[in-house]
Amino acid sequence: MEPSRRWGDDRAILDDDEARARLLDAAARCIVRRGDTAIRMAEVSDEAGVSRSTLYRYFPGRDDLLLGLILRRIDTALANLVAGLPHPERPDRCLPEMVLVPVFSVDQEPVDPLNQALFAGGSSALATVLELGSEPIAAVLLRHYGPLLARWRQAGRLYDDVDDRSLVEWLHTTTLFLLGPSWRHRTPADKRRFVDRFLVRALVPQIGQ
């Protein structure tokens, strides 16, 4: 890809991917510093060392910026999650991890300051972003989970009445529910029972067979 734009006062020429990465890195630093998602575009452009017009060229608004940050984190996390699944042939064992690993990562030790800030009690902007970003988030989930789902379907380990896109939407919705105020601080055992009872049983026939 040919470099397309100059960057800030250092005149470094960057391609679009590197420019977006720098802007998302700057947004992450601002969120951690504030402790929530109440950042302003001017704050992020100052942190990145660019004009606001440059920031708006890549991210038209704060929701777009936050969604870009979330998508990047999801993409990285899912690659690691899929690679580390201990029983990839067993949807009854894998589906809970697909929900609970992201849920538990928010509060696990050592605490990730960006996760803490993104899911802080006052970070109402994130709920809006996750709702608005449901389509691109589902696309990322399908990219990582699609091969697993195909193998499970071929082996008859998933019910046929839920297609792959609906399935990943169920996973995403369940994850958000468990991160919500009513379930955020429930015990890990409670969360695991919920996923086993209301998600896995709805998707997987003959669990454990």
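So that you can scan it fast, the table gives a plain yes or no per residue for (1) over 18 Å from LEU69 (Cβ atoms); (2) touching a helix residue (DSSP H, G or I) at 6+ places or on another chain (Cβ under 8 Å):
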| position | (1), (2) |
| --- | --- |
| ALA79 | no, yes |
| PRO88 | yes, yes |
| PRO91 | yes, yes |
| GLU109 | yes, no |
| ALA120 | no, no |
| SER134 | no, yes |
| VAL140 | no, yes |
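Inspect segment 129-140 for any residue being open to solvent by 40 Å² or more (accessible area, probe 1.4 Å), within 11 Å of the chain's Cα centre (by Cα) and among the β-branched types (Val, Ile, Thr) and give the result as yes or no.
No, segment 129-140 contains no residue that is open to solvent by 40 Å² or more (accessible area, probe 1.4 Å), within 11 Å of the chain's Cα centre (by Cα) and among the β-branched types (Val, Ile, Thr).
Would segment 170-182 turn up any residue that is β-branched (Val, Ile, Thr) and outside any helix (DSSP H, G or I)? Reasoning before the result, please.
If we filter segment 170-182 for residues that are β-branched (Val, Ile, Thr), which is where we start, we get 173-175.
Pick out the ones that are also outside any helix (DSSP H, G or I) and you get none.
No: zero hits.
Can you tell me which residue in segment 165-191 is nearest to PRO136 (Cα to Cα), limited to those that are surrounded by fewer than 17 Cβ atoms within 10 Å (Cβ to Cβ) and charged (D, E, K, R)?
In this case the residue turns out to be ARG165.
Could you check VAL162 against (1) outside any helix (DSSP H, G or I); (2) under 20 Å from ALA202 (Cβ atoms); (3) open to solvent by 60 Å² or more (accessible area, probe 1.4 Å); (4) of a type outside the set (Gly, Ala, Ser) and say which number it fails?
(3)
Working only within segment 88-117, note down all residues that are open to solvent by 60 Å² or more (accessible area, probe 1.4 Å), farther than 14 Å from ARG192 by Cα and not charged (D, E, K, R).
If the condition is that a residue be open to solvent by 60 Å² or more (accessible area, probe 1.4 Å), farther than 14 Å from ARG192 by Cα and not charged (D, E, K, R), then GLN108, PRO110, VAL111, PRO113, GLN116 are the ones that fit.
Scan segment 162-188 residue by residue and report those that are of a type outside the set (Asp, Glu) and either closer than 12 Å to PHE104 by Cβ or touching a Ser or Thr at 6+ places or on another chain (Cβ under 8 Å) (or both). Full working, then the answer.
Looking only at segment 162-188, we keep the residues that are of a type outside the set (Asp, Glu), and these are 162, 165-168, 170-188.
If the condition is that a residue be of a type outside the set (Asp, Glu) and either closer than 12 Å to PHE104 by Cβ or touching a Ser or Thr at 6+ places or on another chain (Cβ under 8 Å) (or both), then HIS172, THR175, LEU178, LEU179, ARG184, ARG186, THR187, PRO188 are the ones that fit.
The values are calculated or read from the model by the stated rules, or taken from the named source; none is laboratory data. Just so it is clear, the structure is predicted and the values come from calculations on it, not from any experiment. Glycine also receives a Cβ, built like all others from the backbone with ideal geometry; neighbour counts cover every protein chain displayed. With ligands, DNA and RNA removed, areas are computed over all heavy atoms of the protein, side chains included. Shrake-Rupley method; radii C 1.70, N 1.55, O 1.52, S 1.80 Å.
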